[in-house]
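Just below is one structure, and these are the notes that go with it.
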Amino acid sequence: MNGSIVYAGGTRYDGVSGTDRHMADRLSAFTDVLYVDPPRPVRSGLRDPETGEAGHVLRHVAPRLWRLSPVAPPAAYRPGVDRLTAALARRAVRGAARKAGLRIGGVVVAGTTDLLDVRPGARTVRYVTDDLVAGASLIRMSASRLAQAEARMTRRADAVAVVSPGLVERVTRLGRDATLVPNGCDVSAYASIDDAPPPADLPAGLTGVAGFIGHVNARIDIALLEAVADTGAPLVIVGPRGVGYEPERWPALIGRANVHWVGRKPYEELPSYLRLIDVGLTPYTDTAFNRASFPLKTLEYLAAGRGVVSTDLPATAWLEAGPLIPVARTPAEFAATVTAQLRIPRTPALAERRRAFAARHDWNERVRLLADLLGLEIREVAGR
């Protein structure tokens, strides 16, 4: 592949740092990348939430990395309007590429807006990072429309990548081969975690801490968090709460004396919170959407040298981490497993075992899989 990469993400670049941002950041080490946010529908007075600018917003966020935040018509994702939204987004991408002086050679589409045809002849990859059909209610879109769009993009892309083993089977049913490109972790980001400054919004002297970092939404089983809180151990929760999530149980949970919710924090500040956490939690509900997911947080806890307790997910089984990631299925079992993990001393040797396992799943290894699908010669480009 020669030229720049358009990476159409499923989330805004400035959102919670997930698959799309990590991939785009690492691809930009080897070639120019234009990250495209999901188009935002125009409403009266609506402006870009970060810059306050109206219309399409293009910004240069890092060396070799640009970000485009395109606008879309009202009701952008309704039947009929969604194709207009995609057409306008493709036009916006072409204009942004011209403005930035980029020649598009590859396209990765991870979101719901079809940008595969943004440049004829470019190498295209459909990257399925979630089972969007199963999660239609979470993003308030029609499951049937999402299924049609998924089938269309899967059929037309030059190559298909998926984030979890379960999604391989889904793509196979659509008549395509899929390359497994799982989520990873940034081990280097937590190399000095024990020297990170303690967070100012948590009580001093917390010990034996269980912690959750991520979106608090319908994917999270609040019964598991309640069970951990029932043990009396300090429970730290870092991340935004979804609108309408558990309107009665959530306030009761965070109102407990041993539960500390600090809201959303920038990715760069997470080491401060992970420094205090002894056991990280991956408390997902048992749904088709979650079974097709690959939680980043599980590997990030290990990269920080911390323990982990997870619910039973295919992605966890695929990691084959053995005792490093104990699995629990019921609230009582989850709480008991967390308690047992908190009793294990956090020795340097154990922390190093966890980090060494996480290093086998570093993002720099994952990006090579995606680069291969794009035909991007990493060594040649990196050396230019």
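The values are calculated or read from the model by the stated rules, or taken from the named source; none is laboratory data. Computed from a predicted model, the values in this text were never measured in an experiment. A quick note on method: Cβ atoms are made from the backbone with ideal geometry, for glycine too, and the neighbour counts reach across all protein chains shown. For accessibility, only protein heavy atoms count, side chains too; no ligands or nucleic acids. Shrake-Rupley method; radii C 1.70, N 1.55, O 1.52, S 1.80 Å.
Scan the range 215-230 for residues that are touching a residue at least 40 places away in the same chain (Cβ under 8 Å) and more than 16 Å from the chain's Cα centre (by Cα) and the total you get is 8. A single member of Ala335, Ala351 is surrounded by 22 or more Cβ atoms within 10 Å (Cβ to Cβ) and under 29 Å from Pro203 (Cβ atoms), and it is Ala335.
In the set (1) under 19 Å from Ile5 (Cβ atoms); (2) under 23 Å from the mean Cα position of the chain (by Cα); (3) not aliphatic (A, V, I, L, M), Arg98 fails one condition alone, (2). Close contacts from the range 284-296, counting a first residue that is hydrophobic (A, V, I, L, M, F, W, C) and a second that is part of a helix (DSSP H, G or I), with Cβ to Cβ under 6 Å and a gap of 6+ residues or different chains, come to Ala292/Gly166; Ala292/Leu167; Phe294/Ala315.
Reported count of residues in the range 273-304, each being assigned to a helix (DSSP H, G or I), of a type outside the set (D, E, K, R) and within 20 Å of Val163 (Cα to Cα), is 9. State whether the residues of the range 209-224 include one that is open to solvent by less than 30 Å² (accessible area, probe 1.4 Å) and either touching a Cys at 6+ places or on another chain (Cβ under 9 Å) or at positive phi (or both). Scanning the range 209-224, I find at least one residue that is open to solvent by less than 30 Å² (accessible area, probe 1.4 Å) and either touching a Cys at 6+ places or on another chain (Cβ under 9 Å) or at positive phi (or both), so the answer is yes. Taken residue by residue, the range 189-202 has no member that is touching a helix residue (DSSP H, G or I) at 6+ places or on another chain (Cβ under 8 Å) and under 22 Å from Asn290 (Cβ atoms). Counting residues in the range 303-313 that are more than 22 Å from Pro326 (Cα to Cα) and among the basic types (Lys, Arg) gives zero.
Against the numbered list (1) open to solvent by 10 Å² or more (accessible area, probe 1.4 Å); (2) among the aromatic types (Phe, Trp, Tyr); (3) out of contact with any Pro (no Cβ under 9 Å at 6 or more places or on another chain), Tyr301 comes up short only at (1).
Checking the stated criteria, Gly244 turns out to be open to solvent by 20 Å² or more (accessible area, probe 1.4 Å), modelled with pLDDT under 95, over 17 Å from Gly184 (Cα atoms) and not acidic (Asp, Glu). The number of residues in the range 122-140 that are open to solvent by less than 30 Å² (accessible area, probe 1.4 Å) and at pLDDT below 95 comes to 5. Screening Val228 with (1) among the β-branched types (Val, Ile, Thr); (2) open to solvent by 20 Å² or more (accessible area, probe 1.4 Å); (3) assigned to a helix (DSSP H, G or I) gives one miss only, at (2). Looking across the range 249-272 at every residue that is among the small types (Gly, Ala, Ser) and part of a helix (DSSP H, G or I), the one that is most open to solvent (accessible area, probe 1.4 Å) is identified as Ala252. Here no strands (runs of 3 or more DSSP E) wholly within the range 20-121 include at least 3 residues being open to solvent by 70 Å² or more (accessible area, probe 1.4 Å). Candidates are the residues of the range 305-332 that are open to solvent by 20 Å² or more (accessible area, probe 1.4 Å) and not in a helix (DSSP H, G or I); the one that is farthest from Val163 (Cα to Cα) is Thr330. The residues in the range 145-176 that are over 20 Å from the mean Cα position of the chain (by Cα) and assigned to a loop (DSSP other than H, G, I, E, B) can be counted, and the count is 5.
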